[in-house]
1. For SER113, state whether it is open to solvent by less than 50 Å² (accessible area, probe 1.4 Å), among the hydroxyl-bearing types (Ser, Thr, Tyr) and in contact with a Lys or Arg (Cβ under 8 Å, 6 or more places away or on another chain).
2. What tally of residues in the stretch 2-34 results from selecting those that are of a type in the set (Gly, Ala, Ser), within 14 Å of MET82 (Cβ to Cβ) and in a strand (DSSP E or B)?
3. Among the residues of the stretch 35-46, which ones are of a type outside the set (Lys, Arg) and either part of a strand (DSSP E or B) or buried (at least 18 other Cβ atoms within 10 Å of the Cβ) (or both)?
4. Yes or no: the stretch 73-82 includes at least one residue that is touching a strand residue (DSSP E or B) at 6+ places or on another chain (Cβ under 9 Å) and among the basic types (Lys, Arg).
5. Can you give me the number of residues within the stretch 47-63 that are under 14 Å from the mean Cα position of the chain (by Cα) and either open to solvent by 30 Å² or more (accessible area, probe 1.4 Å) or under 20 Å from VAL2 (Cβ atoms) (or both)?
6. Scan the stretch 65-79 and give yes if some residue there is open to solvent by 30 Å² or more (accessible area, probe 1.4 Å), basic (Lys, Arg) and at pLDDT 95 or above, otherwise no.
7. Taking into account only those residues within the stretch 35-79 that are of a type in the set (Val, Ile, Thr) and in contact with a Pro (Cβ under 9 Å, 6 or more places away or on another chain), which is nearest to SER99 (Cα to Cα)?
8. Pull out all pairs, ordered by first then second residue, where Cβ-Cβ is under 9 Å, the residues are six or more apart or on different chains, the first lies in the stretch 58-83 and is farther than 18 Å from TRP104 by Cα, and the second is part of a helix (DSSP H, G or I) and among the acidic types (Asp, Glu).
Amino acid sequence: QVQLVESGGGEVQAGGSLILSCAASGYIFRLSAMGWYRQAPGKQRELVARIANGGKPYYIDSVKGRFTISGDNVKNTVNLQMNSLKPEDTAVYYCRFESVVDYWGQGTQVTVSS
């Protein structure tokens, strides 16, 4: 069973930066897209950034210009560079790999203090 392993979360002050990384433990057949989602306390999980094979990265408005997603289809890894972090970015962040089935990471906490 392939698993996604995340790393890079933590606590940072507002204005700081973090890099989240996600790697698959094995080969994923027909990987079509990779993305990062987040869930803040009391809120629904939301898409943050997504990159599809051969496509342009997509970002939600609130992170445009601050976050950068990068993926490697060969290594089956995806990163999320987060700059100029704000307290409202505080959430558990999950990576997702889309293929014939969906794979999700276990989540990594990002806390931004003001």
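The values are calculated or read from the model by the stated rules, or taken from the named source; none is laboratory data. Since the model is a prediction, treat every value here as computed from it, not as a measurement. When we count neighbours, we look across all protein chains shown, and the Cβ atoms used for this are built from the backbone with ideal geometry, even at glycine. Note: accessible area is taken over every heavy atom of the protein model, side chains too, but ligands, DNA and RNA are not part of it. Shrake-Rupley method; radii C 1.70, N 1.55, O 1.52, S 1.80 Å.
1. Considered against the rule, which asks whether it is open to solvent by less than 50 Å² (accessible area, probe 1.4 Å), among the hydroxyl-bearing types (Ser, Thr, Tyr) and in contact with a Lys or Arg (Cβ under 8 Å, 6 or more places away or on another chain), SER113 comes out as no.
2. Here the count works out to 3.
3. GLY35, TRP36, TYR37, GLN39, GLU46
4. Yes, the stretch 73-82 has at least one match.
5. 7
6. No: zero hits.
7. Per the stated criteria, the residue is ILE51.
8. Short answer, once both residue conditions are applied: SER62/GLU88; SER62/ASP89; VAL63/ASP89; ARG66/ASP89; PHE67/ASP89; MET82/ASP89.
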